[in-house]
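To start, the structure itself, in C-alpha cells.
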Amino acid sequence: MKIKYIAALSVLALAMPALAADLAVSQSNQTFSSASLSVHAGDKVEFKNADTVTHNITVKGGEGDADDLGLQKPGTTVSYKFDAKGVYRIVCSIHPRMKMTVTAQ
Ligand SMILES: [Cu+2]
C-alpha cells in the first residue's frame, strides 16, 4: 500500500514540469501571447517579458481587489498563483491596451 503511494507521487513529480511550461504567457510587442487562459485553482502562471520595454502586470480579481506585480524589466519573468476560483483580469499598468483574462476553475 505504501509503495503504491510513493510510486504515484513520483509520477506526479515527473508530470509537473510539462504542466508548468503550459502555464506560461509572454509579453511581446506590448501584447500578451494569450487573450485568455484557463487554469486550475492553485496553478501558478509565469509571465515573461519578451519585450524591449518595462511592463507592470496587475492582477484584478472578482471583488475589485488588485495585486500589483511591480515593474518588470525586459527578459525577466514574474509568476502569480491563482489560488481562488474565478475570473481574473490581467493588465499592464504602463500600457493600458495590454489585457487578458485568466479563468481559474
Ligand atoms: Cu506594459
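The values are calculated or read from the model by the stated rules, or taken from the named source; none is laboratory data. From a predicted model like this one, the values you see are computed outputs, not experimental measurements. Here the Cβ is made from the backbone with ideal geometry for all residues, glycine too, and neighbour counts use every protein chain on show. Accessible surface is based on the protein model in full, side chains and every heavy atom, while ligands, DNA and RNA are left aside. Shrake-Rupley method; radii C 1.70, N 1.55, O 1.52, S 1.80 Å.
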Scanning the range 63-96 residue by residue, those open to solvent by 60 Å² or more (accessible area, probe 1.4 Å), under 16 Å from A50 (Cα atoms) and assigned to a strand (DSSP E or B) turn out to be T77
Within the range 22-57, of all residues that are open to solvent by 70 Å² or more (accessible area, probe 1.4 Å) and touching a residue at least 60 places away in the same chain (Cβ under 8 Å), the one farthest from the ligand (Cβ to nearest atom) is H40
